[in-house]
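Let me begin by presenting the structure, written as structure tokens, before commenting on it.
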Amino acid sequence: MAVVLKKCRPYLQRAEELSAHEPVIAHYCRLYAMEILIRARQGGEVSPDIQALLLAELEKAETARKALDLSAGQETVESFALRVFDAADVADRTAEDGSDRAPVVPQFYVAGLFLEICAQFYEGELPPDLAEKAKYARFRVVQIREGIRNGTSSAPADPDASRVASDAAPGPQAPAMAAMLRPVAAASPHHGGAASGYCTAAGASPVAAGGVMQPQMFGSRRWDKFLFVLLGFCLCLCGRKW
């Protein structure tokens, strides 16, 4: 049960951090985490902690849905994820080897998370361009950490060869970036924090190596039906009646 809670925690953490200044991004982070919990429940993983968390997040998601304009949700989330990725990529390519590159690790870590939540708009599987960037972000986290640990070069590949940075996309606004990076500061190579549990070398499966599910999510068009079914499901779990 603890494994499931650990898988969804990074997305819920991002949701809380961004709820004030990026509420749409926060909403879809929360939906992605909820789907992880639902799939775990469908797979037979049941516990009071999972049920309580699912109900709590359901209430937050419904409150946000009523207050937000989600008509451009997919475009908003994808644009934000790409801006975060590009900010990390630029920082990586302008940094020196060694300690100067250490701050890039949490940047790539959160970039990978935001790219992964875009899977909910594609029936649970990222399109090739986003999947390539998500894999590259995880790969760079591992590569930079190992380079710093071993005292070897961890310079990125030539940008024309890697073809991972999107064209001239501006980085996220300063308040958003600050909020994203504060809780993952421990993920730097010097602390061995959360990033190590959610990254993998290039070519590895994001599920097997990263421990992060790629669940099928429900877009805003199907959210009302999903919410109705989920609410009934959760209430039944808690022994409550309609």
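When Pro103, Pro127 are screened for being touching a helix residue (DSSP H, G or I) at 6+ places or on another chain (Cβ under 9 Å) and modelled with pLDDT under 95, only Pro103 passes. Gln51 - would you say it is within 15 Å of the chain's Cα centre (by Cα), on the phi < 0 side of the Ramachandran plot and not aromatic (Phe, Trp, Tyr)? No.
For the structure I just gave you, tell me whether Ile117 is in contact (Cβ under 8 Å) with a residue 12 or more places away in the chain, more than 22 Å from Ala155 (Cα to Cα), buried (at least 21 other Cβ atoms within 10 Å of the Cβ) and of a type outside the set (Lys, Arg). Answer is yes for this residue. Selection of first residues in region 1-27 that are more than 18 Å from Leu115 (Cα to Cα) and of second residues that are of a type in the set (S, T, N, Q), restricted to Cβ pairs under 6 Å at least 6 apart or on distinct chains, gives the following pairs, ordered by first then second residue: Met1/Ser47.
List pairs: first in region 69-89 and farther than 12 Å from Ala111 by Cα and crowded, with 20+ Cβ neighbours inside 10 Å, second of a type in the set (Phe, Trp, Tyr) and at pLDDT 95 or above, Cβ under 7 Å, 6+ apart or cross-chain? Pairs that qualify, where the first residue is farther than 12 Å from Ala111 by Cα and crowded, with 20+ Cβ neighbours inside 10 Å and the partner is of a type in the set (Phe, Trp, Tyr) and at pLDDT 95 or above, are Gly73/Tyr28. The number of residues in region 89-100 being closer than 12 Å to Gly151 by Cα and in a helix (DSSP H, G or I) comes to 1.
Is it true that Ala56 is in a helix (DSSP H, G or I), more than 24 Å from Gly112 (Cα to Cα) and either touching a Leu at 6+ places or on another chain (Cβ under 8 Å) or without any contact (Cβ under 8 Å) to a residue 40 or more places away in the chain (or both)? So Ala56 passes the test. Residues in region 59-88 that are of a type in the set (Asp, Glu) and not in a helix (DSSP H, G or I): Asp69 only.
The values are calculated or read from the model by the stated rules, or taken from the named source; none is laboratory data. Given the structure is predicted, the values throughout are model-derived calculations rather than measurements. Cβ sites come from the backbone with ideal geometry, for glycine too, and all protein chains shown count toward neighbours.
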